[in-house]
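Chemist: First, the structure itself, so that you have it in front of you.
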Amino acid sequence: MTALTDLASLLPGAIARLDGVAQRTPVQRNERLSSLTGCEVWLKREDLQPVRSYKLRGAYNLIAQLGDDEQRAGVVCASAGNHAQGVAFACARLGIRATIFVPHTTPRQKRERILAIGQGAVELVMAGSTYDEASDASKRFAAEQGKVLVPAFDDPRTIAGQATSVAEAVEQLGFVPDVVLIPVGGGGLLAGGAAWLRANHPEVRIIGVEPAGAPCVAAALSAGRPVQLHDIDTFVDGAAVSRVGDIPFEVIREAKPELIRVPEGQVCSEMLAMYQVDGIIAEPAGALAAAALPTGGVGNRVQLPAAARVLVLVSGGNNDVARYAEVVERSLIHEGRKRYFLVSFPQQPGALRRFLDEVLGPDDDITHFEYIKRSSRETGPAVVGIELGNPGDYEFLMQRIAEVGMEVELITPGSPLFRFLI
């Protein structure tokens, strides 16, 4: 047997074990995405689970199989938030103690939910700034304390439980989709979903969607082995993993799904569309797969044949409302609607008025302005954020800036000053 067939053989047991435990979340046709793509797009709403993500499935499937001694010892896990909620749910239901490690970047909303769902069965420990650092701390603690580690994606029991979301969705559709888009972090959901699809419907086109700032599966496939990424973007926190799991890697390498990397700003645009048009509160990882659809927006997108039947997993809805300001900002920048500049203004009366009158278009707006007057200099630098009424007007904006004769420097994404502003 191979890693793929071994994993597929675990699915029937996982499906039975989760019956009556995991919510049978709806599969809904999405009118917006169907209209924009010319396809039939269906969303598997795992954001409607009791813990608002599919992670409940994998955590419960593993913990429910522990022996009496293991249950008495208690469990340990690391998570960016969603897996932790799944572990908390399982432990509260099964009467098992859990110690859960999360990075300091985990949104407060997720931390509060972990404790609430755990109903007193959970101790929460914050460690490190990334999932991987929290994971290292959890492994050390589990070894020292003799507790059972519950991996977020690198265990066949976790992976099999997560894969039930795909099997359930296809059953609910009543037909086999042409394409399945799956969000990718550490690779567990993609490995499990691909194993089930290759065993039951090998003709289905499987597409794994990674955040551009943390493409650990693509890096591993390119290197021929799991590799550690450095300096990852943690914005898509539910999928910001720097190293694919060893077990998911072997399964994915055998299943050969397609992979695509989606910029974080593109994910933000889809999050906003889901919220404003569809009434879906998706976290970044929850909107990740849908963000890859060819809806006409800027960015990296998959190509689909006309009228294809497409299943998209909305993996989670644990989004902190406090993050929406950053979501809007990243979306505007990605779409070219917002730019930041370092402008050297002549230190004389009327300089700012001239900039407003002669540089800005009628639909443009200044959204950020920082300036410190220095009397000993002829010019003074100011940080200026401009939101364009039409992103296509950027070229004309730069022409007007050149005509005015002010010294202007575009603050590029990735620069230290840009990271300070965003």
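Chemist: Determine the gain in length on full extension of the stretch Phe396-Asp231; use 0.36 nm per residue of separation and subtract their C-alpha separation, reporting nm with one decimal.
Modeler: Difference between extended and current length: 55.9 nm.
Chemist: Given a 10 angstrom Cα cut-off, can you work out which residue in Gln28, Gln172, Gln348 is the most mobile in a GNM of the chain?
Modeler: Highest fluctuation among the options: Gln348.
Chemist: I would also like to ask the following. Report the paramagnetic label zone for Asp6: residues of segment 175-216 whose backbone N is under 20 Å from a point 7 Å from Cα along the Cα-to-Cβ axis.
Modeler: Hits in segment 175-216 for Asp6 at 20 Å: 186-200.
Chemist: Just to confirm the number: angle between the C-alpha axis of helix 156-173 and the first principal axis of the chain, 0 to 90 degrees, nearest 10?
Modeler: 80 degrees
Chemist: While we're on this one: On C-alpha positions alone, give me the angle between the axis of helix 188-200 and the longest principal axis of the chain, in degrees, nearest 10.
Modeler: On a 0 to 90 degree scale, this one is about 60.
Chemist: Straight-line reach from Lys55: which lysines have Cα under 16 Å away, leaving out those fewer than 8 places along the same chain?
Modeler: Lys44, Lys110
Chemist: How far apart, in nanometres, would the label points at Asn300 and Ser344 be if each is projected 7 angstrom from Cα along the Cα-to-Cβ direction?
Modeler: 3.7 nm
Chemist: Assuming a ≥ b ≥ c are the square roots of the Cα gyration tensor eigenvalues, decide whether segment 363-422 counts as rounded (a/c under 1.5), prolate (otherwise, with a/b larger than b/c) or oblate.
Modeler: Oblate is the answer for segment 363-422, as a/c is 1.5 or above yet b/c matches or exceeds a/b.
Chemist: Under 5 Å between amide hydrogens, which residues at least 5 positions from Phe345 or on another chain qualify, with H placed 1.01 Å from N in the peptide plane?
Modeler: Amide H to amide H, under 5 Å and 5 or more residues apart or across chains, Phe345 pairs with Gly380, Ala382.
Chemist: What's the extension gain from Arg32 to Tyr324 if we count 0.36 nm per residue and subtract their Cα-Cα distance?
Modeler: 103.0 nm
Chemist: Apply the a/c threshold of 1.5 to the C-alpha gyration tensor of segment 320-408 and tell me whether it is rounded, prolate or oblate.
Modeler: oblate
Chemist: Using only Cα atoms, tell me the angle between helix 324-334 and the longest principal axis of the chain; keep it within 0 to 90° and round to the nearest 10.
Modeler: Once rounded, the angle reads 70 degrees.
Chemist: A follow-up question, please. Pairs of Cα atoms under 8 Å, at least six residues apart: use those to get the relative contact order of segment 248-314, whole percent.
Modeler: In percent, rounded to a whole number, it is 31.
Chemist: Quick one: work out the % antiparallel among DSSP beta bridges in the chain, nearest 5.
Modeler: 45 percent
Chemist: Size of segment 56-149 along its principal axes in angstrom, Cα-based, largest extent first?
Modeler: 34, 26, 21
Chemist: Right, something else. Say R0 is 45 Å: what FRET efficiency, to the nearest 0.05, do Asp246 and Glu123 get from their beta-carbon distance?
Modeler: Working: r = 28 Å, r/R0 = 0.62.
With a Förster radius of 45 Å, E is 0.95.
Chemist: Count the net charge of all other residues whose Cβ sits under 12 Å from the Cβ of Ala307, scoring Lys and Arg as +1 and Asp and Glu as -1.
Modeler: After counting each charged neighbour, the total is -1.
Chemist: Return the lysines within reach of Lys338: Cα separation strictly under 27 angstrom, same-chain partners fewer than 8 residues apart disregarded; answer none if there are no such residues.
Modeler: Correct list for Lys338: Lys373.
Chemist: May I ask you to list the residues of segment 257-284 whose amide nitrogen lies under 19 Å from a point 7 Å from Cα along the Cα→beta-carbon direction of Glu387?
Modeler: 265-277
Chemist: Next question. With P(r) over Cα pairs in 10 Å bins from 0, in percent defined as stated, name the option among [x] 4, 17, 24, 28, 20, 6, 0; [y] 4, 18, 25, 22, 15, 10, 5, 1, 0; [z] 5, 21, 29, 21, 12, 7, 3, 1 computed from the structure displayed.
Modeler: The listed entry that was calculated here is [z].
Chemist: For segment 213-228, in order, what is each residue's ³J(HN,Hα) by Karplus, 6.51 cos²θ - 1.76 cosθ + 1.60 with θ = phi - 60°, in whole Hz (x at glycine and Pro)?
Modeler: Karplus values, whole Hz, x for Gly and Pro: x, 8, x, 6, 6, 4, 5, 5, 5, 5, 7, x, 6, x, 10, 8.
Chemist: Under 5 Å between amide hydrogens, which residues at least 5 positions from Ala127 or on another chain qualify, with H placed 1.01 Å from N in the peptide plane?
Modeler: For Ala127, the qualifying residues are Val102, His104.
Chemist: On full extension of the chain, what length is gained from Asp365 through Glu378, given 0.36 nm per residue of separation minus the C-alpha to C-alpha distance?
Modeler: 2.0 nm
FYI, it's all coordinate maths here, none of it is from the lab. These figures come from a predicted structure and were not determined experimentally. Because the Cβ atoms are built from the backbone with ideal geometry, glycine has one as well, and the counts that use them run over all protein chains shown.
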